[in-house]
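Worksheet: one structure, shown below.
Just so it is clear, none of the values below were taken in a lab; they were calculated from the coordinates. A quick note: this is a predicted structure, and the numbers were derived from the prediction, not measured. Cβ: placed from backbone, ideal geometry, glycine included. Neighbour counts: every protein chain shown.
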Amino acid sequence: MVQKVGFRRRLSISCALLLSAALASLVLPGPSMADTALQPDEGRGVSISAFTFEPATMTVNAGEAVTWVNTDGVPHTSTGALNHQWGQVMTRGESFSYTFDTPGIYAYFCEMHPAMVGTITVVAE
Ligand SMILES: [Cu+2]
């Protein structure tokens, strides 16, 4: 019985290692991708990396743009949660900018992976 449990544990650790190796090869950006993420063309930058919006919460002034940059190996979207005010599919290396003109709290998510969520808070200048 004890041996059986031990075997299962080793097996699940092996599976976890294989899975993380597979995920790492899918989602790890190259160095040039990371540079792109840090220097968006327009506005403040949100990097999409390892199925996460980073930073997940950001505050900007009204009239400012936010640029999302996908550094993952799979497509993601940035989609406004309220009536899909904005929405754009980004493949690896692609970016999308949206200008927030009206103060408020804007929740957004990835349509392909709804567990990916973020919030942009827009304050009056
Ligand atoms: Cu996604």
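Tabulated results
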| item | result |
| --- | --- |
| Contacts under 6 angstrom Cβ, first residue in segment 104-119 being in contact (Cβ under 8 Å) with a residue 12 or more places away in the chain, partner part of a strand (DSSP E or B) and within 7 Å of the ligand (Cβ to nearest atom), 6 or more apart | 110/76; 110/77; 111/77 |
| Residue that is nearest to the chain's Cα centre (by Cα), among those in segment 54-108 that are within 15 Å of the ligand (Cβ to nearest atom) and of a type in the set (Asp, Glu) | 54 |
| Selection count where residues are of a type in the set (S, T, N, Q) and loosely packed, with under 13 Cβ neighbours inside 10 Å, scope segment 89-124 | 2 |
